[in-house]
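The values are calculated or read from the model by the stated rules, or taken from the named source; none is laboratory data. Please read all numbers here as calculations on a predicted model, not as lab measurements. In this analysis, Cβ positions are derived from the backbone assuming ideal geometry, glycine residues included, and neighbour counts consider all displayed protein chains. Protein only, heavy atoms only, side chains kept; ligands, DNA and RNA dropped before computing areas. Shrake-Rupley method; radii C 1.70, N 1.55, O 1.52, S 1.80 Å.
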Amino acid sequence: AATADDDEHNYRFGAKATLPSVKNQGYKTECGSCHFAYQAGWLPARSWKKMMGELDDHFGENAELSEKPRVSITNYLVSEAADVKPNRKSRKVLRSIGENEAPQRISTLSYMQHKHDDLSARHIQNNPKVRSLSNCLACHTGAEKGQFDEHGVNILGFGFWED
């Protein structure tokens, strides 16, 4: 049975995705088993190539894959990257990245920092339900569908965000 919360959720997420959702099951399975499977449109192809080529030290962890899944996932990420299949959100992200930069931490992009600059440490770092900007699912309940609009932000412990 639907609840008032479900109605609020459906209302807030009626808008279409700001980034295409992840369609590659191998990526969802392999990468999504440890963290949110970020949409490829968050980074340019050069970043995904670099990241997938350095899986032996993936943010301090060994995330190496055998050749076949690594190549398949790399091909998927590169084919859907911000500079290959740009959409409105990807173009904004790309403007915040230097032409020769290959960033790997989406949460440290100047675009991401700017979009979250009105949030305090108590909303993110000091919030045990969030802890980091990399924890998209904690606040963007439509993140898996590529929905990152500000109208759908529910900061755990604080409620829906209102600008």
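Tell me which residues, restricted to the stretch 20-70, are polar (S, T, N, Q) and either crowded, with 16+ Cβ neighbours inside 10 Å or in a loop (DSSP other than H, G, I, E, B) (or both). Once the filter is applied, which keeps residues that are polar (S, T, N, Q) and either crowded, with 16+ Cβ neighbours inside 10 Å or in a loop (DSSP other than H, G, I, E, B) (or both), the stretch 20-70 yields Ser21, Asn24, Ser33, Gln39, Ser47, Asn62, Ser66. I'm trying to understand the selection: among the residues of the stretch 73-92, which are open to solvent by less than 60 Å² (accessible area, probe 1.4 Å) and out of contact with any Ser or Thr (no Cβ under 7 Å at 6 or more places or on another chain)? Those that are open to solvent by less than 60 Å² (accessible area, probe 1.4 Å) and out of contact with any Ser or Thr (no Cβ under 7 Å at 6 or more places or on another chain): Ile73, Thr74, Tyr76, Leu77, Val78, Ser79, Glu80, Ala81, Asn87, Ser90.
If only one of Gly98, Gly157 is assigned to a loop (DSSP other than H, G, I, E, B) and at positive phi, which one is it? Don't jump to the end; show me each part of the working.
Numbers: Gly98 fails: at positive phi.
Unique residue meeting the criteria: Gly157.
Evaluation of Tyr111 against the conditions (1) more than 19 Å from Ala37 (Cβ to Cβ); (2) in a loop (DSSP other than H, G, I, E, B) shows that the sole unmet condition is (2). Considering only the stretch 136-146, I want to know if a residue exists there that is at pLDDT below 90, at negative phi, in a loop (DSSP other than H, G, I, E, B) and in contact with a Lys or Arg (Cβ under 7 Å, 6 or more places away or on another chain). No, because not a single residue in the stretch 136-146 is at pLDDT below 90, at negative phi, in a loop (DSSP other than H, G, I, E, B) and in contact with a Lys or Arg (Cβ under 7 Å, 6 or more places away or on another chain).
Pull up the stretch 147-162, narrow it to residues that are touching a residue at least 12 places away in the same chain (Cβ under 8 Å) and farther than 22 Å from Ala40 by Cα, then point me to the one that is least open to solvent (accessible area, probe 1.4 Å). Don't jump to the end; show me each part of the working.
The initial filter retains those residues of the stretch 147-162 that are touching a residue at least 12 places away in the same chain (Cβ under 8 Å), namely 147-158, 160-161.
Now narrow it down to the ones that are farther than 22 Å from Ala40 by Cα: 151, 154-158, 160-161.
Working: His151: 114, Asn154: 40, Ile155: 2, Leu156: 65, Gly157: 70, Phe158: 92, Phe160: 67, Trp161: 58 Å².
Here the answer is Ile155.
Look at the stretch 96-119 and say how many of its residues are surrounded by fewer than 11 Cβ atoms within 10 Å (Cβ to Cβ) and among the hydroxyl-bearing types (Ser, Thr, Tyr).
First pass over the stretch 96-119, keeping only residues surrounded by fewer than 11 Cβ atoms within 10 Å (Cβ to Cβ): 98-100, 117-118.
Within this subset, residues satisfying the condition of being among the hydroxyl-bearing types (Ser, Thr, Tyr) are none.
Residues meeting the conditions: 0.
Quick check on the stretch 116-126. Is at least one of its residues part of a loop (DSSP other than H, G, I, E, B) and at positive phi?
The answer is no, given that none of the residues of the stretch 116-126 is part of a loop (DSSP other than H, G, I, E, B) and at positive phi.
Residues in the stretch 120-132 that are open to solvent by less than 40 Å² (accessible area, probe 1.4 Å) and either in contact (Cβ under 8 Å) with a residue 40 or more places away in the chain or within 24 Å of Leu43 (Cα to Cα) (or both): Ile124, Val130.
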